[in-house]
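The block underneath contains the structure these notes are about, expressed in structure tokens.
Readers should treat all values here as calculations from the given coordinates under stated rules, not as data from a laboratory. No experiment lies behind these values; they were computed from the predicted model shown. Here the Cβ is made from the backbone with ideal geometry for all residues, glycine too, and neighbour counts use every protein chain on show.
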Amino acid sequence: MKRILSYILFLALFNNIYAQKLDKKMVSEAKQWFKSKVWVSEGLQLEVHPSVDYVTFQKQYEANKDLWELAFGAIAGADKKLSGFAENGKFEIVKDRCYITVSDYIPKDVTKTRLEGHQNYIDIQISTGTVLWGISTVDQSEVIVPYNSATDNTFYKSNNIKVIKQKASKPYIFIFFPDDLHVPSYADERVLYTEMLKKVVVKIEYVPMP
């Protein structure tokens, strides 16, 4: 019996180590794919923030390449002031699969924001200005408002939120997949916002993976 238990423990340990090595290999390969910039559309000026999930990004891009090219093409000319997006509103790129929204806003205080996640769409977000972004994961968070299919939103609370500070001089493209919970751009308490900021969000369909 002891031999059997020892064998089971050894097998479990071996499988765990193998899985970890496999995960590291996948991440390494996905990072190389990301750095190769084979996914970059012509004219794309802003950088994707390095918080992006490289593995999921590669899988989703390769599963839906044509749609991603259209999505990136819609923001290809975006500069740090998003000056090319003068008209606010929602604009379809591919009906029911990909669309873009443009809006002006004043960032909210962190106490008036919520951690959110989506199921059917991936978020590509850009904001002007000096703002903060919060990111977490589903396994580190608790649902406080159940999923609403009409808005594709679930709201969460978490004690494990990583805060990313964005400078007005260097806005990034943030990409959030369904497992990437996020507090969209909110106010830095050290900044006095006297002018409206601009935000561009591209929604692109999520392809479920096995």
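A few comments on the model shown:
- Packing-based order for 156-163, 130-137, using average beta carbon neighbours within 10 Å, highest first: 130-137, 156-163
- When only Cα pairs below 8 angstrom with a gap of at least 6 residues are kept, the chain shows a relative contact order of 26 percent.
- Labels on offer are [x] 14.6; [y] 15.4; [z] 10.5, and the one holding mean projected area of the Cα convex hull in nm² computed from this structure is [x].
- Gap separating the Cα centres of segment 51-78 and segment 121-199, nearest whole Å: 19
- The phi torsions of segment 102-115, fed into the Karplus equation with coefficients 6.51, -1.76 and 1.60 and a -60° offset, translate into couplings of 10, 8, 9, 7, 9, x, 7, 5, 4, 5, 10, 10, 9, 6 Hz, rounded to whole numbers, with Gly and Pro shown as x.
- Taking the average, over residues, of other Cβ atoms within 10 Å as the packing measure, peptides 174-182, 93-101 rank 174-182, 93-101 from highest down.
- Within the straight-line cut-off of under 23 Å between alpha carbons, the lysines reachable from LYS81 are LYS90, LYS108, LYS165, LYS167, LYS170, LYS198, LYS199, LYS203, sequence neighbours fewer than 8 places apart in one chain being disregarded.
- Residues whose amide H comes within less than 5 Å of that of TYR172, counting only those at least five positions distant or on another chain, are SER127 (H built at 1.01 Å from N in the peptide plane).
- Amide H contacts under 5 Å for ILE122: ILE204, GLU205, TYR206, restricted to partners 5 or more places along the chain or on a different chain, H placed in the peptide plane at 1.01 Å from N.
- As a rough guide to protection, the peptides 69-81, 41-53 ranked by mean Cβ packing within 10 Å, highest first, stand as 69-81, 41-53.
- Once backbone amide H atoms are built at 1.01 Å from N, ILE93 has CYS98, TYR99, ILE100 as its partners under 5 Å, excluding neighbours fewer than 5 places away on the same chain.
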